[in-house]
Amino acid sequence: MHEGHEQMFRRRFFVSTLLSIPVLLYSPTLQEWLGFTVPTFPGSEWINPVFAVIVFAYGGVPFLQMAVPEVRDRSPGMMTLISMAITVAFVYSLASVVFPTQSAFFWELVTLIDIMLLGHWIEMRSVRRASSALDELAKLMPDTAERITDDGETEEVPVSDLEEGDLVLVRPGASVPADGVVDEGDSDVNEAMITGESKPVSKEPGDEVIGGTVNGDGSLRVRVGATGEETTLAGIMRLVEEAQQSKSRTQVLADRAAGWLFYVAVGAAAVTAVAWTVATTFDATVIERVVTVLVIACPHALGLAIPLVVAINTSLAARNGMLVRDRIAMEDARKLDAIIFDKTGTLTEGEHGVVDMATVEGVDEDNALALAAAVESDSEHMIARAIREAADERDLSAPDATDFEAIKGRGVRANVDGEEVYVGGPNLLTQLDSEIPDHLERFAETAGQNAQTVVYLVREGELIAAFAMADVIRDESYAVVDALHELGIEVAMLTGDSQDVADAVADELGIDTVFAEVLPEDKDEKVQELQDQGKLVGMVGDGVNDAPALTRADVGIAIGSGTDVAVQSADVILVQNNPMDVVRLVKLSKASYRKMQENIVWAAGYNVFAIPLAAGVLAPIGILLSPAVGALLMSLSTVIVAINAQLLRRVDLSLPDLPGVAPPTDSQSAG
């Protein structure tokens, strides 16, 4: 729609401007001002009215047509004002041909229409460019895919023909045709347009891939999991479109201001007509003043001020992995007093890791860790995975284990090289009646004070090692808390963990408020608790377990949603599992609102000075605004608003330039 309007206004602007040249050349006023003359010939006196009528019919009538719905709905706005201004000038000028007056407004009329067409062309062009994010997203999805048949051959099929469960071949440099899981192959995939992640993401069998992302140098076989409207890309496009169509409080205010400005303009024009008629007499000067008032008050730029910023904001957010579902929430993010983070999986990795270990004399740490990894080789418990990952990080080779057995509530056992080996917690030591060496007991006490879980390794009945386990704090979490503090935002944490574990994380990160041992169904009460203190509260969670709290918060932020873009409880969805994006969100919200305010000032603020000047309050000292100058000022305001909105694209959301962000440090731990 915007592209069609853009082409229409562009075409009419150039044609109308070309037809306006004879009117300008044969205008007595301009000839007098600029000191030039043009040849006259029989009938040359009709050049101005004839060409002005053509310009009005071709360039001015579209404004009248667009004003009809406003008049019909009794909601006057900028089109009504434009129509009133050019109609008054047109009727007055035609009347001057029949009833000779001091001057006609033919050159003012055509320049007014030309400038209005130029302003609308610029507006449509800017809005189209701002809305191009949807077009760019749509272009990401390829038209065809290489489907692998049952006999192992490939066939090229339209992407629309793909079904869940199909196996497709994604060649190096090709776009992934649908959401799915890597079945075979290793490669790096560029997900920048979807998640905002600038670095290619390594993919191997079992990893999820998103339709529309670009494969790197490797070849992948992907098992299709979602197609069509169910894909991540389709979900993102729906969210972007919904956000661009929704209105914020500032936009509603701007729309209301445009309506009021119509009545102000009509009232000012009426007062101007009466005052000038009383002071002088009803003549061309009075009409000129009325026309100028109507032109100068036109809220054309006001109608562009907010929608353009909204469109740019939404597309900019989408390009940085922030999907906005609620415009008002996006606007409110700038004035948050407190942000509550869910701990597990948001501030922490959500997975346990080995953060420290101790062994008895004569036992090497690497040997102990390899032995524990061997015993845990068949277990899917999170502690078992943490031990195996710790062994992998040290490039340790675990010996073979046999006769694996899980001991409910205590740990696991297995035979390794003919020896019986156990891995488990304190309950395991009680069952085995194992003695704890003094230095391992001190190690366990220290770990407990740090809210860490201790796991023991027992070989042939002898305790030989202890491992401290903890949920690892994200590197980004330190920078997030610092940045939010510098922005004047209180940081709170919500968790179902024990108070000791919660306090350990809070102390490590410098968090202001801690809500510990909170059940999922009670999380929204903690949000309400801060709201009852008069604070505007944001909640950051995973969008599933935290749904009630996300809904209760003034701004609900789902983080780490990955390919799940259908989170219904959040106002803003952060595609990447990166808490630093919360700071990006606040910064973008502040920058966008600042642009909205600036645009409203540029769009309507000049009326405070221009309307009185157009009405002629300074006429006694010889200062009067003509209709053409009024149109020029209004259109200049429109151009300024369009340029100012585009400057929002220059907002730097890169992490090094955010307040409070320090270079990443080594991973820290907490329970």
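The values are calculated or read from the model by the stated rules, or taken from the named source; none is laboratory data. Owing to the predicted nature of the structure, the values given are computational and were not obtained by experimental measurement. Quick reminder, even Gly has a Cβ in these numbers, built from the backbone with ideal geometry, and neighbours come from all protein chains shown. These accessible areas exclude ligands, DNA and RNA; they are computed on the full protein's heavy atoms, side chains included. Shrake-Rupley method; radii C 1.70, N 1.55, O 1.52, S 1.80 Å.
Let's see how each residue does on (1) open to solvent by less than 50 Å² (accessible area, probe 1.4 Å); (2) free of Cβ contacts under 8 Å to residues at least 12 places away in the same chain; (3) closer than 19 Å to A470 by Cα:
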| residue | (1), (2), (3) |
| --- | --- |
| A372 | yes, no, yes |
| S379 | yes, no, yes |
| A384 | yes, no, yes |
| I387 | yes, no, yes |
| L396 | yes, no, no |
| G424 | yes, no, yes |
| H439 | no, no, no |
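Can you find a residue in region 70-77 that is touching a helix residue (DSSP H, G or I) at 6+ places or on another chain (Cβ under 9 Å) and assigned to a helix (DSSP H, G or I)? Even if it seems obvious, please write down each step before you answer.
Pass one, region 70-77, residues touching a helix residue (DSSP H, G or I) at 6+ places or on another chain (Cβ under 9 Å): 70-71, 75-77.
Next, only the ones that are assigned to a helix (DSSP H, G or I) stay: 70-71.
Taking every residue of region 70-77 in turn, at least one turns out to be touching a helix residue (DSSP H, G or I) at 6+ places or on another chain (Cβ under 9 Å) and assigned to a helix (DSSP H, G or I).
Hey, does region 498-512 have a residue that's open to solvent by 50 Å² or more (accessible area, probe 1.4 Å), at pLDDT 80 or above and in contact with an Asp or Glu (Cβ under 8 Å, 6 or more places away or on another chain)?
yes
Please specify each residue of region 516-529 satisfying the condition of being within 25 Å of K335 (Cα to Cα) and either surrounded by fewer than 23 Cβ atoms within 10 Å (Cβ to Cβ) or among the hydroxyl-bearing types (S, T, Y) (or both). Before you say what the answer is, go through the steps one by one.
Taking region 516-529 as the starting set, the residues that turn out to be within 25 Å of K335 (Cα to Cα) are 523-529.
Once the filter is applied, which keeps residues that are within 25 Å of K335 (Cα to Cα) and either surrounded by fewer than 23 Cβ atoms within 10 Å (Cβ to Cβ) or among the hydroxyl-bearing types (S, T, Y) (or both), region 516-529 yields D524, E525, K526, Q528, E529.
Working only within region 346-370, note down all residues that are open to solvent by less than 20 Å² (accessible area, probe 1.4 Å) and either part of a helix (DSSP H, G or I) or of a type in the set (D, E) (or both).
Within region 346-370, T346, L347, A368, L369, A370 meet the criteria.
Exactly one condition in (1) under 30 Å from D542 (Cα atoms); (2) touching an Asp or Glu at 6+ places or on another chain (Cβ under 7 Å); (3) not in a helix (DSSP H, G or I) is not met by S379; state its number.
Unmet condition: (2).
Determine which member of the set G180, G152, G165 is assigned to a loop (DSSP other than H, G, I, E, B) and modelled with pLDDT of 90 or more.
On the way: G180 fails: assigned to a loop (DSSP other than H, G, I, E, B); G152 fails: modelled with pLDDT of 90 or more.
Just one listed residue meets the conditions, G165.
Exactly one of (1) at pLDDT below 85; (2) not in a helix (DSSP H, G or I) is unmet by Q597. Its number?
Of (1) at pLDDT below 85; (2) not in a helix (DSSP H, G or I), only one is false for Q597: (2).
Taking I611 as the residue in question, decide whether it is within 25 Å of I113 (Cβ to Cβ), modelled with pLDDT of 85 or more and among the hydrophobic types (A, V, I, L, M, F, W, C).
No; evaluated as a whole, the condition is false for this residue.
Only one of (1) in contact with a Phe, Trp or Tyr (Cβ under 9 Å, 6 or more places away or on another chain); (2) at pLDDT 90 or above; (3) crowded, with 21+ Cβ neighbours inside 10 Å fails for S477. Which number is that?
The number of the failed condition is (2).
Would you pick out the residues in region 480-497 that are open to solvent by 20 Å² or more (accessible area, probe 1.4 Å) and of a type in the set (G, A, S)? Write out each step before concluding.
Filtering region 480-497 for residues open to solvent by 20 Å² or more (accessible area, probe 1.4 Å) gives 482, 485-488, 490, 496-497.
Residues satisfying the conditions are G488, G496.
Report whether or not T272 is under 21 Å from F90 (Cα atoms), surrounded by 21 or more Cβ atoms within 10 Å (Cβ to Cβ), at pLDDT 80 or above and not acidic (D, E).
yes
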